[in-house]
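For reference, the structure discussed in these notes is given below.
The values are calculated or read from the model by the stated rules, or taken from the named source; none is laboratory data. Everything quoted here is computed from the prediction, not taken from an experiment. Ideal geometry is used to build each Cβ from the backbone, glycine not excepted, and the neighbour counts take in all protein chains shown. Only protein heavy atoms, including side chains, enter the accessible area calculation; ligands, DNA and RNA are left aside. Shrake-Rupley method; radii C 1.70, N 1.55, O 1.52, S 1.80 Å.
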Amino acid sequence: MAQLDPKLLEILACPADHHAPVAQKGEVLVCTECGLRFPIRDGIPVMLLDEASPGPRGIGGGEGIPAEEQ
């Protein structure tokens, strides 16, 4: 697993209406608010809603990453 550049992670945000920050968890970026998971392919984050996977409670389930785990 390649860690994305921290400066890149600072500027990336969920493309959903709330534009919350994302955090890297393995080979995906997870929205800290809605829990959508965005794949990282060949070291490139794919930040398209059509490519996202739902979080544990589905899309918009509010199961993002708690602040203490970021």
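Odds and ends about this structure:
- Residues of the stretch 1-39 that are hydrophobic (A, V, I, L, M, F, W, C) and within 16 Å of Pro56 (Cα to Cα): Val22, Ala23, Val28, Leu29, Val30, Cys31, Cys34, Leu36, Phe38.
- Checking Pro54, Pro21 one by one, the residue that is open to solvent by 40 Å² or more (accessible area, probe 1.4 Å), in contact with a strand residue (DSSP E or B) (Cβ under 8 Å, 6 or more places away or on another chain) and modelled with pLDDT of 95 or more is Pro21 and no other.
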